[in-house]
DNA sequence: AGGTGCTTGTGAACGCTGGATACAAACCTC
DNA sequence: GAGGTTTGTATCCAGCGTTCACAAGCACCT
């Protein structure tokens with residue numbers, strides 16, 4: 001393969017919808033690499049990612065030019081290119097607040113390390129939980145009391161809230177006070193934050209209700225089939 | 001309060017963006033009701049839900065007219081109206097496939113019952129897990145082997161996939177074969193399904209990577225502050 | 001009884017992101 | 001060197017969602 005120049009276009013001008021699909025492509029490339037496949041066409045990769053080939057090519061064109069006309073994409077090169085563009089090479093520190101069932105699930109979740117994350121701290125209020133060790137991928141970490149949050153968060157860039165809803169706003173405020181600007185929340189609540197702080201909220205109950213609505217709707221009108 | 005007519009407009013013509021926000025409003029109303037607040041204005045409710053008042057009023061206008069001009073909304077009445085419209089009164093059966101950490105977290109998740117769900121089955125492949133009892137809200141359920149999935153899914157309308165990625169497509173195929181048409185997947189993979197089957201996918205790794213990208217972007221350009 | 005001040009409900013315009021199409025450029029193979 | 005294949009991109013379109021602004025309506029006060 002000839003020498004290539006890393007395109008690396010300005011990150012600002014990329015549509016957010018594209019940014020949200022890039023990790024999906026990365027996963028698909030992961031699997032292709034694991035299968036020993038060296039080259040992939042846009043049509044093939046698109047099908048594995050659940051999009052159309054045109055959309056895939058348009059997405060990639062926003063960050064540069066990675067393929068070879070008439071051939072396709074080199075799996076290894078495209079994977080590295082997207083990963084670099086997303087900035088996976090320098091892992092971010094993650095602190096998890098709340099180690100109930102969900103917190104444990106997140107801590108032990110495989111797929112954080114390859115994604116460029118390193119869990120650096122676990123925090124909870126429950127005295128029965130504080131002090132216990134939780135396995136986090138390779139290593140394991142002790143759960144520390146809520147009072148230590150500021151100290152723990154000092155080496156983190158991302159906060160994850162896995163507390164009950166009633167404790168979520170307090171946890172959020174503490175994270176923000178500790179300098180965390182990007183938060184992933186699983187609490188069933190809207191979190192108020194100062195401007196400049198990004199919150200990405202996932203509410204399992206809401207997701208299920210949306211699905212349930214569609215189910216009931218489809219059950220009531222058996223004729224309708226949507227994409 | 002005077003007699004009111006339930007508006008109940010056609011469900012089809014409501015934009016999907018509105019449908020996805022209704023459960024959020026419902027949660028906010030839950031909390032207001034718990035606080036003993038009887039009346040709420042669109043501005044107040046909107047702030048608690050993380051949207052603008054105009055958007056909230058427009059969303060509600062799609063399903064009818066629930067407020068009183070000059071006063072606001074009756075919390076109890078609006079809650080019941082949205083819940084009825086979403087169809088919460090008749091609970092849907094949920095079957096969970098995969099009872100690792102995430103599956104356990106989902107099974108024990110509080111907030112399914114009030115949302116109109118009833119977990120009716122748990123399935124896993126691991127012989128060590130099969131047979132164990134898992135608490136699901138009020139009651140508890142035994143984990144059954146994968147071979148029983150069709151039988152278990154017979155009384156379910158929604159399937160939840162919480163397996164590792166490698167087992168997700170197989171689990172999905174079995175759910176579809178058992179007649180399940182609406183699936184919530186947490187597996188880091190695109191799931192291929194026949195047309196008519198709805199899949200809602202949540203990939204924790206993807207969510208974190210999107211957030212991480214924004215973090216690195218913000219860190220690199222300290223001037224930018226986005227809403 | 002009438003006026004006043006809110007708040008809802010909605011009509012219309014706007015912005016815009018994203019998606020589809022089609023075609024030219026480029027590369028490998030024969 | 002020709003042909004076939006696949007990428008990269010320019011252009012256009014369409015549809016959705018959001019916002020703005022105002023009219024309609026209710027309660028309360030005088």
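The values are calculated or read from the model by the stated rules, or taken from the named source; none is laboratory data. If you're wondering where the values come from, they're calculated on a predicted model, not measured in any experiment. Neighbour counts are summed over all protein chains in view; Cβ atoms, including those assigned to glycine, are modelled from backbone coordinates with ideal geometry.
Under the condition of being within 13 Å of DNA strand D (Cβ to nearest atom), part of a loop (DSSP other than H, G, I, E, B) and surrounded by 15 or more Cβ atoms within 10 Å (Cβ to Cβ), the residues counted in the range A:13-50 number 1.
It is to be established whether one or more residues within the range B:109-127 are in a helix (DSSP H, G or I), within 23 Å of residue A:162 (Cα to Cα) and modelled with pLDDT under 95. No, that holds for no residue.
So that you can scan it fast, the table gives a plain yes or no per residue for (1) away from DNA strand D (no atom under 16 Å from the Cβ); (2) under 24 Å from residue B:106 (Cα atoms):
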| position | (1), (2) |
| --- | --- |
| A:68 | no, no |
| A:81 | no, no |
| A:89 | yes, no |
| A:107 | yes, yes |
| A:113 | yes, yes |
| A:116 | yes, no |
| A:128 | yes, yes |
| A:143 | yes, yes |
| A:161 | yes, yes |
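Could you grab me the full set of residues in the range A:52-86 that are under 18 Å from residue B:209 (Cβ atoms), surrounded by fewer than 19 Cβ atoms within 10 Å (Cβ to Cβ) and within 11 Å of DNA strand C (Cβ to nearest atom)? Of everything in the range A:52-86, just one residue is under 18 Å from residue B:209 (Cβ atoms), surrounded by fewer than 19 Cβ atoms within 10 Å (Cβ to Cβ) and within 11 Å of DNA strand C (Cβ to nearest atom), namely A:62.
Test residue B:148 against the criterion of being surrounded by fewer than 17 Cβ atoms within 10 Å (Cβ to Cβ), more than 16 Å from DNA strand C (Cβ to nearest atom) and either away from chain A (no Cβ under 12 Å) or under 30 Å from residue A:109 (Cβ atoms) (or both), and give yes or no. Yes, satisfied.
The residues of the range B:78-105 that are in contact with a strand residue (DSSP E or B) (Cβ under 6 Å, 6 or more places away or on another chain) and part of a helix (DSSP H, G or I) amount to a single one, B:103. Scanning the range B:139-161 for residues that are in contact with a strand residue (DSSP E or B) (Cβ under 6 Å, 6 or more places away or on another chain) and not in a helix (DSSP H, G or I) turns up B:140, B:141, B:142, B:143, B:144, B:155, B:156, B:157, B:158, B:159, B:160, B:161.
Buried (at least 22 other Cβ atoms within 10 Å of the Cβ), facing chain B (nearest Cβ under 10 Å) and more than 19 Å from residue B:110 (Cβ to Cβ) - does that describe any residue in the range A:212-220? The answer is yes, given that some residue of the range A:212-220 is buried (at least 22 other Cβ atoms within 10 Å of the Cβ), facing chain B (nearest Cβ under 10 Å) and more than 19 Å from residue B:110 (Cβ to Cβ). Only one entry of B:175, B:191 meets the criterion of being surrounded by fewer than 23 Cβ atoms within 10 Å (Cβ to Cβ), within 30 Å of residue B:24 (Cα to Cα) and not assigned by TED's automatic domain parsing to the domain that holds residue B:82, and that entry is B:191. Take the conditions free of Cβ contacts under 8 Å to residues at least 60 places away in the same chain and outside the structural domain of residue B:135 (by TED's automatic domain parsing) and apply them to residue B:81. Does it pass? No: the conditions fail for residue B:81. Examine the range B:51-64 for a residue that is more than 10 Å from chain A (Cβ to nearest Cβ) and more than 16 Å from DNA strand D (Cβ to nearest atom), and state whether such a residue exists. Within the range B:51-64 (the criterion being more than 10 Å from chain A (Cβ to nearest Cβ) and more than 16 Å from DNA strand D (Cβ to nearest atom)), the answer is no, since none of the residues qualifies.
Conditions tested, residue by residue: (1) within 7 Å of chain B (Cβ to nearest Cβ); (2) out of contact with any strand residue (DSSP E or B) (no Cβ under 7 Å at 6 or more places or on another chain); (3) in a loop (DSSP other than H, G, I, E, B).
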residue	(1), (2), (3)
A:173	no, yes, no
A:187	no, no, yes
A:190	yes, yes, yes
A:195	yes, yes, yes
A:206	yes, yes, no
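The criterion of being touching a helix residue (DSSP H, G or I) at 6+ places or on another chain (Cβ under 8 Å) and in the same structural domain as residue B:104 (by TED's automatic domain parsing) does not hold for residue B:168. Taking the criterion of being closer than 18 Å to residue A:205 by Cα, touching a helix residue (DSSP H, G or I) at 6+ places or on another chain (Cβ under 9 Å) and in a helix (DSSP H, G or I), would at least one residue in the range B:61-77 satisfy it? Checking the range B:61-77: not a single residue is closer than 18 Å to residue A:205 by Cα, touching a helix residue (DSSP H, G or I) at 6+ places or on another chain (Cβ under 9 Å) and in a helix (DSSP H, G or I).
In the range B:184-202, the condition of being touching a residue at least 12 places away in the same chain (Cβ under 8 Å) and under 17 Å from residue B:118 (Cα atoms) is met by at least one residue.
Going by what's in this entry, would residue B:178 be described as in contact with a helix residue (DSSP H, G or I) (Cβ under 6 Å, 6 or more places away or on another chain) and more than 10 Å from every other protein chain (Cβ to nearest Cβ)? Spelling it out, residue B:178 is indeed in contact with a helix residue (DSSP H, G or I) (Cβ under 6 Å, 6 or more places away or on another chain) and more than 10 Å from every other protein chain (Cβ to nearest Cβ). Only one entry of A:130, A:125 meets the criterion of being surrounded by fewer than 20 Cβ atoms within 10 Å (Cβ to Cβ), free of Cβ contacts under 8 Å to residues at least 40 places away in the same chain and more than 8 Å from every other protein chain (Cβ to nearest Cβ), and that entry is A:130. Scanning the range B:80-111 for residues that are under 18 Å from residue B:49 (Cβ atoms) and within 14 Å of chain A (Cβ to nearest Cβ) gives B:82, B:83, B:85, B:86, B:88, B:111.
If you go through the range B:134-145 and keep only what is surrounded by 15 or more Cβ atoms within 10 Å (Cβ to Cβ) and more than 22 Å from the chain's Cα centre (by Cα), you end up with B:143, B:144, B:145.
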